[in-house]
Amino acid sequence: MRYQISGKQIDIGDALQSHVKTELTQTIEKYSQRPTDAVIVFSRNAHEYVCEATVHLSTGMTASARASANEIYAALDNCIEKMDKQLRRYKRRLRDHHRVGPVEFAEAPMYVLAASDEDEGAEPDTLQPMIIAEMETKIPSLSVGEAVMQMELAGAPVLVFRNEKHGGVNVVHRRDDGNVGWIDPVTAS
């Protein structure tokens, strides 16, 4: 497994790096046999240390956790504890879904649009947004339950996916009331 351990305006020593590798490897290997890479970032927020960890699994799923504490090692331990809980839930759900193979992905164009610089009350010159970046993104082919699980693991507010049942593009999102919303345009017609 590849590790990318870094600090935002703080020095990450060799002892902390080896501790991260040891602890995270033990946690991940309990639940996943083939993790591909992990990104761990340490930073400071006033008097607290913040640890953010993202682990990419060979099944296509991504697990991420974030924790903070007054000491850097405590922040890491809290983050790994959250990661452990997520991976345990993920493995339990995988057993319930009986999915064996890796997730299939479809390629799709992705665009980054420029933010509006104009005043709130002013009328824009054109309704066409300015594209400032163009790249490829991958859309996973998942069941609705797996999509919700992936969204929760990643801590994302929304996930776009291709529905395994009918092949259409669907969206799951976290609602303001805490529930999960599911948009399925195929069943709307």
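What follows is calculated from the coordinates using simple rules that are stated; it is not laboratory data. The model shown is predicted, which means the values in this text are computed figures rather than measured ones. Using ideal geometry, Cβ is built from the backbone for each residue, glycine included, and neighbour counts are taken over all protein chains shown.
Once the Cβ-Cβ distance between Val169 and Thr126 is put in as r, and R0 is 30 Å, what FRET efficiency do you end up with, to the nearest 0.05? Spell out each step's value before the answer.
Details: r = 28 Å, r/R0 = 0.92.
For Val169 and Thr126, the calculated efficiency is 0.60.
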Mind running the shape call on region 2-97? Use the C-alpha gyration tensor, a ≥ b ≥ c as the square roots of the eigenvalues: rounded below 1.5 for a/c, prolate if a/b tops b/c, oblate otherwise.
prolate
Multiply the residue gap between Thr25 and Tyr111 by 0.36 nm, knock off their C-alpha separation, and tell me the result in nm, one decimal place.
27.4 nm
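Among the listed pairs Lys30/Lys82; Lys82/Lys138; Lys21/Lys82, which have their C-alpha atoms separated by more than 19 angstrom in this model? Kindly include the intermediate steps, with their values, before the conclusion.
Working: Lys30/Lys82 14 Å; Lys82/Lys138 27 Å; Lys21/Lys82 16 Å.
Check vs 19 Å cut-off fails for Lys82/Lys138.
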Would you mind putting 41-53, 128-140 in packing order, based on average other-beta-carbon counts within 10 Å, highest first?
41-53, 128-140
